[in-house]
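S.K.: The structure is given below, and queries will be raised subsequently.
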Amino acid sequence: MHAVIGIWTVDPAWHDEQHRLLREEIIPLVTRQPGFLTGYWMHDPESGRSHTTAVFDDLESADRFKALVESGTRQAARVGVVSTVLTTVDVVADVVHPDSPTR
Amino acid sequence: MEVFVGRARELADLERRVASAREGSGALVLVEGEAGAGKTALAHSVVRLARHAGARTVWGACREGEGAPAYQPWVQILRELGHSSALPLDPAEAETVSRFHLFEDVVGVLRDAAEDAGLVLILDDLHWADIASIRLLEAVTAALADSRLLVIGLYRAGDALPHAGPVEALRSLTRERATTRLSLGGLSPAEVAELAEHVLGRRPARALLRTVEERAEGNPLFVLELLRLVETAGSLDLGLPGGVRNVVGRRLDGLPAATRRLLRHAAVLGRDFTGEAVGALAGESVEDTLDLLDPALAAEVIRADGHSLRFTHVLTQEVLYAELPTAARRRLHAQAAGVVRSMSAEEVPVDALAYHLRQSAPLGNAEEALRVTRAAATRARAQLAYEHAAFQYRAALDLLTLLPNGAAQQPELLLELARCEFRSGAVEEAWRSCRIAADLGRATGEGAVVADAATVLRGISNSPVTAAIHVMCREALTLLDGSDEVREAKVLAQLVITADPFAERGEGDLGLRALRTAEATGDPDARFLAMQARYTELVDGLHVLERLSIGERAIRLARETGHHEYAAWGHTWRLDAFWALGRRVQLDTELKAFGVVVAQLREPLWWWRLTSTQAAVALLEGRFEQAGGLAEEALAIGLRGGHEGAAFVHLVFRSHMGLQNGAGLDQVEAAVRGFVETGPYLARSWHALVLAGMGRRDDAEALWEAITPHLAAFPRDAPEWIVSGAGNAQLCVAFDDHVTAAAVYEALLPYADRQVAPTAHTPSSGPVSLYLGMLATLLRRWEAAGEHLHAALASCQAMDAGPYEAYTRLELARLLRLHPAPGAGTSGAGAGASASADEHLEGALRIARRLGMPSLLADAETLHEARGRAGVLTPREEQVAELVAEGLSNRQIAHRLRMAERTAENHVTHILTKLGFDSRAGVAAWYTARRHTG
């Protein structure tokens, strides 16, 4: 498995629009990506940065997704979101609690 | 008929050079002499000799006055060689082709053309050349030594020339190794006599000869003109005019008035003209014109060269032109503009047209003069002839006073001028133009003008104008007030790039703001500038991942725009990040990709960076000889490319190498001293390190004591901070400075997993953990010291950093000597620790011997020798000896080690006996010395 990790600076002035886009466009788009397994969109209120993780079956799917994200930097910047780190990494282990509803 | 006498020495010299060039040792010969000294005649003789020897010869002449296009002599030469396309005329192409690239292509064409039988190029009248042509000559000269190419440049010296620029620019050429200067002085009396005999067809009377000799001072043209005057007038009764111009003028008096009038018209057109053009200008038919010019041809005032005519000597044209009153000149130039336009079959010679229009602009056609001058500027810029474009923009600016709305166009023209000046390397001039434009923008409240003025100069991070650009950026932002996103993004980025790296940053994340704004506009230039700015903000060593990401984005932008330079920067940033992270495999991969881009760019700045990076890698591995060679190579490339930082980086290399292999430390010390005297105050710790490396401990210590109170002032986010921290760590250890060591240790700790290597094109000082280990040892934080040094060892091995592996092993041996592993004293564990110390010491010695590191070898040998004495003390005695060295009394030692005073006294007695000292001072001195050597 491979994951695309992103760290993003987020301008809070665009909060509502960012969340609308996340719900209505980004999550459905990511879900449709070939090889997609799971994704997390996280926010660190202390630093004001967002962290994202999208896990894929294979490296090719992860890289393809990363390229897709890279092609959207202009749209992201228009709603105050700029990537500071975007990289593809190997997933070396993963675990889900046996009682987790996502299992 | 051309008359050529004398100059036997010069001719023989040039003949030898033709022969050498044909054998593969090319050269540039600059022939200087006053007007009429016979430069061209000499060159014609060389051409005949060269042709006779089988070499190819091509002639390129610079045209006088302002109507000449850029690269004119080279265009002629390349056309003659069948390569007119080597100089691009397409503006779109100029955007992606660099001038270095362009010049290299021309050099390639010339070298190829010279390959078979040798090639002699004559560049006539170089004092009229556009500066871009001289820059191209510089590029050609740099490649002459191993070519079959002989370039002979002729230029006028001594006369007051209207434009000193070309002659000034030629001066730098005389410093090239392949350049020789030949100065043509006056002819000897015998040569004057020979010349006179040629001209008159008989031996001249002695009185005449003497008068001519005295008047002409050996100037061949002057001699010729005087003799012709005598021939025409029959005697010298007229009295001889003074000065060659007057002689020329007097000889023209002998021509019919109508011929002279026509010649004046011709002088407006230039040195070369056609019968048709003069006829059109004078309102005569071509036949009548040619008939009227016949006496001038007969008197050799002009010459026919195929279809065109040419003034035999430029002085004749100058004299005739000067005879025209201003109003008549303007009128004739206005007519000449019409003639030039109507007679151009295909492409209008825009420079000549612009020249005639400018000369006649006061008559009311300033608007058109401005339009055509701008077109000439655009064309020159498209040819990357930035100096020539700048000249045209200056001429355009001069025209504005003649236009009712001229002032409105001034800022835009000034900014265009500034861009050309900057690209030609004239930074100060460019900044002056920017400042004037900004003043105008400020006065009219045009934020866009101030913003553009603030962003013309790029990459200016360490120059006298940096701070002024920074201030202008702030002003521009206020004036823009969010009205123009692209400009705002660029100005924000420039604001970050020009911030003082030694000042604390007040506003965080300005680069991020620039990046966000730039990304939202999609403008590639703004995006790249913002990436540069963001990178500048992140060079503190703590944001390596983000720097890797920015590098990747720049590479992507390069793919999107086809702009190789963005990719080169992207790879550079990633190389720097991997260098700092100590990731060898990734570093090698990135270096390979960078090499591919550099080969595409073929620019000296990038070759310099690539070669410097290769030198840094070689140095890291301890390949000193190769590193030295590459560093020298990089310096030569950097200097050739006019890169100001090349000499400094080279000094850093020399300093690193000197401290490791002992080479040239005296010269390094002098150079470093010179740098720190004018550089930032805290750079003095570098000087202290070099002094310590030379064994000048007292000088180094005095310097160290002077700077330690100010160490905290070194800004943490400056890229040099880690380098400075590592240097300070070494000085703390060298001078047993515990207080500073504690502060330096804390400051370096966040960088424990990094390398002391801010940029990949400068030498690495190995892993930060090595310095942390040294400091922890000094501070007796034994466990931490062990961890840092083992981490350093692993890092050095992963990076293949032989010299730093040796330093680390030496420090490990030292640590294990000072503080054997826990449980030491009991036979087993103590013996194990000792063996490990020996192993590290042996390892250090082996590497030092293999790589040739004399100072490390000496330290390791001293440590090796010291082990005899050290081994005799028990661990408890070691502890007591340490406290004796601190100057503690027996009672204080007993208190510190929680033992009876008597026991402490016994330990001290045993120590004295074992070590063979008769005083506590001896123990203290031994212990302190051992700490320095291990």
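S.K.: Hey, among the residues in the range B:885-934 that are modelled with pLDDT of 80 or more and not in a helix (DSSP H, G or I), which one's surrounded by the most Cβ atoms within 10 Å (Cβ to Cβ)?
M.R.: Here the answer is B:888.
S.K.: Which number in (1) closer than 21 Å to residue B:533 by Cα; (2) buried (at least 20 other Cβ atoms within 10 Å of the Cβ) marks the one condition that residue B:396 misses?
M.R.: So residue B:396 meets the others, but not (1).
S.K.: Which members of the range B:542-563 meet the condition of being more than 12 Å from chain A (Cβ to nearest Cβ), in a helix (DSSP H, G or I) and surrounded by fewer than 19 Cβ atoms within 10 Å (Cβ to Cβ)?
M.R.: B:561
S.K.: Among what's in the range B:517-527 and is on the phi < 0 side of the Ramachandran plot and surrounded by fewer than 24 Cβ atoms within 10 Å (Cβ to Cβ), pick the residue that is nearest to the other protein chains (Cβ to nearest Cβ).
M.R.: It comes out as B:520.
S.K.: Report, by residue number, each residue of the range A:38-55 that is loosely packed, with under 12 Cβ neighbours inside 10 Å and under 11 Å from the mean Cα position of the chain (by Cα).
M.R.: A:40, A:42
S.K.: Mind checking which pairs have a first residue in the range B:33-61 that is among the polar types (S, T, N, Q) and a second that is part of a strand (DSSP E or B), Cβ under 8 Å, 6 or more apart or different chains?
M.R.: Final answer for the pair search is B:40/B:124; B:40/B:154; B:57/B:119; B:57/B:120; B:57/B:121; B:57/B:122.
S.K.: Within the range B:643-695, work out how many residues are under 24 Å from residue B:713 (Cα atoms) and more than 24 Å from the chain's Cα centre (by Cα).
M.R.: 11
S.K.: Turning to a different aspect of this structure: Is one or more of the residues making up the range B:430-444 over 28 Å from the mean Cα position of the chain (by Cα), closer than 30 Å to residue B:131 by Cβ and of a type in the set (Val, Ile, Thr)? Working first, answer last.
M.R.: Keep residues of the range B:430-444 that are over 28 Å from the mean Cα position of the chain (by Cα), which gives B:439-444.
Filter again for closer than 30 Å to residue B:131 by Cβ, leaving B:439-441.
From what's left, of a type in the set (Val, Ile, Thr): none.
No, the conditions are met nowhere in the range B:430-444.
S.K.: Being touching a helix residue (DSSP H, G or I) at 6+ places or on another chain (Cβ under 6 Å), small (Gly, Ala, Ser) and over 30 Å from residue B:697 (Cα atoms) is the filter here, so list the residues in the range B:618-645 that pass it.
M.R.: Listed by number, the residues that qualify are B:634, B:638, B:641.
S.K.: While we're looking at this one, here's another question. Find all pairs meeting these conditions: Cβ atoms under 7 angstrom apart; at least six residues apart or on different chains; first residue within the range B:252-277 and basic (Lys, Arg); second residue not in a helix (DSSP H, G or I).
M.R.: If the second residue must be not in a helix (DSSP H, G or I), the pairs left are B:264/B:324; B:271/B:63; B:271/B:64; B:271/B:310; B:271/B:311.
S.K.: From the residues in the range A:13-37 that are loosely packed, with under 14 Cβ neighbours inside 10 Å and touching a residue at least 60 places away in the same chain (Cβ under 8 Å), which one is nearest to the other protein chains (Cβ to nearest Cβ)?
M.R.: A:13
S.K.: I'd like to verify a number: residues in the range B:240-281 that are small (Gly, Ala, Ser) and either part of a helix (DSSP H, G or I) or modelled with pLDDT of 90 or more (or both), how many?
M.R.: Residues of the range B:240-281 small (Gly, Ala, Ser): B:242-243, B:249, B:254, B:257-258, B:266-267, B:270, B:275, B:277, B:279-280.
Right, trim to either part of a helix (DSSP H, G or I) or modelled with pLDDT of 90 or more (or both) and you get B:249, B:257-258, B:266-267, B:275, B:277, B:279-280.
Result for the range B:240-281: 9.
S.K.: Just to be sure I understand the filter: pairs with C-beta atoms under 6 Å, separated by 6 or more residues or on different chains, first member in the range B:307-331 and farther than 24 Å from residue B:366 by Cβ, second member buried (at least 19 other Cβ atoms within 10 Å of the Cβ) and aromatic (Phe, Trp, Tyr). Which pairs pass?
M.R.: Final answer for the pair search is B:309/B:273; B:317/B:311.
S.K.: May I pose another question? Only one of B:567, B:533 is more than 10 Å from chain A (Cβ to nearest Cβ), crowded, with 19+ Cβ neighbours inside 10 Å and modelled with pLDDT of 95 or more. Can you tell me which?
M.R.: Numbers: B:533 fails: modelled with pLDDT of 95 or more.
Exactly one of B:567, B:533 is more than 10 Å from chain A (Cβ to nearest Cβ), crowded, with 19+ Cβ neighbours inside 10 Å and modelled with pLDDT of 95 or more, namely B:567.
S.K.: Take the residues in the range B:292-323 that are β-branched (Val, Ile, Thr) and not in a strand (DSSP E or B); name whichever of them is modelled with the lowest pLDDT.
M.R.: Applying the filter and picking the extreme gives B:314.
S.K.: Can you tell me which of B:58, B:18, B:5 is part of a helix (DSSP H, G or I), in contact with a helix residue (DSSP H, G or I) (Cβ under 6 Å, 6 or more places away or on another chain) and among the β-branched types (Val, Ile, Thr)? Let's see the steps before the verdict.
M.R.: Working: B:58 fails: part of a helix (DSSP H, G or I); B:5 fails: part of a helix (DSSP H, G or I).
Checking each option against the conditions leaves just B:18.
S.K.: Looking at the range A:75-86, can you tell me whether even one residue there is more than 29 Å from residue B:532 (Cβ to Cβ) and out of contact with any Pro (no Cβ under 6 Å at 6 or more places or on another chain)?
M.R.: No, the range A:75-86 contains no residue that is more than 29 Å from residue B:532 (Cβ to Cβ) and out of contact with any Pro (no Cβ under 6 Å at 6 or more places or on another chain).
S.K.: Going by what's in this entry, would residue B:449 be described as more than 13 Å from every other protein chain (Cβ to nearest Cβ) and in contact (Cβ under 8 Å) with a residue 24 or more places away in the chain?
M.R.: Details: more than 13 Å from every other protein chain (Cβ to nearest Cβ): yes; in contact (Cβ under 8 Å) with a residue 24 or more places away in the chain: yes.
So residue B:449 passes the test.
S.K.: Are there any pairs, at least 6 apart or on different chains, whose C-beta atoms fall under 8 Å, with the first in the range B:879-891 and assigned by TED's automatic domain parsing to the domain that holds residue B:904 and the second hydroxyl-bearing (Ser, Thr, Tyr), and if so, which?
M.R.: B:881/B:927; B:882/B:927; B:884/B:927; B:885/B:927; B:885/B:928
S.K.: Let me ask something else. Just give me the residues in the range B:697-715 being in a loop (DSSP other than H, G, I, E, B) and farther than 15 Å from residue B:676 by Cβ, in sequence order.
M.R.: Going through the range B:697-715, the residues in a loop (DSSP other than H, G, I, E, B) turn out to be B:714-715.
Of everything in the range B:697-715, just one residue is in a loop (DSSP other than H, G, I, E, B) and farther than 15 Å from residue B:676 by Cβ, namely B:715.
S.K.: Still on this model: Kindly indicate the residue of the range A:56-102 that is among the β-branched types (Val, Ile, Thr) and either more than 14 Å from chain B (Cβ to nearest Cβ) or part of a helix (DSSP H, G or I) (or both) and also nearest to the chain's Cα centre (by Cα) among those meeting that condition.
M.R.: Looking at the filtered set, the residue picked out is A:69.
S.K.: Can you say whether residue B:332 is under 30 Å from residue B:403 (Cβ atoms) and surrounded by 17 or more Cβ atoms within 10 Å (Cβ to Cβ), as far as the supplied structure shows?
M.R.: On the way: under 30 Å from residue B:403 (Cβ atoms): yes; surrounded by 17 or more Cβ atoms within 10 Å (Cβ to Cβ): yes.
Answer is yes for this residue.
S.K.: From the list B:567, B:577, B:647, which residue is farther than 29 Å from residue B:685 by Cβ and not β-branched (Val, Ile, Thr)?
M.R.: Exactly one of B:567, B:577, B:647 is farther than 29 Å from residue B:685 by Cβ and not β-branched (Val, Ile, Thr), namely B:567.
The values are calculated or read from the model by the stated rules, or taken from the named source; none is laboratory data. Everything numeric here is computed off the predicted structure, so don't read it as measured data. Methodologically, a virtual Cβ is constructed for each residue, glycine included, from the backbone with ideal geometry; neighbour enumeration extends over all protein chains shown.
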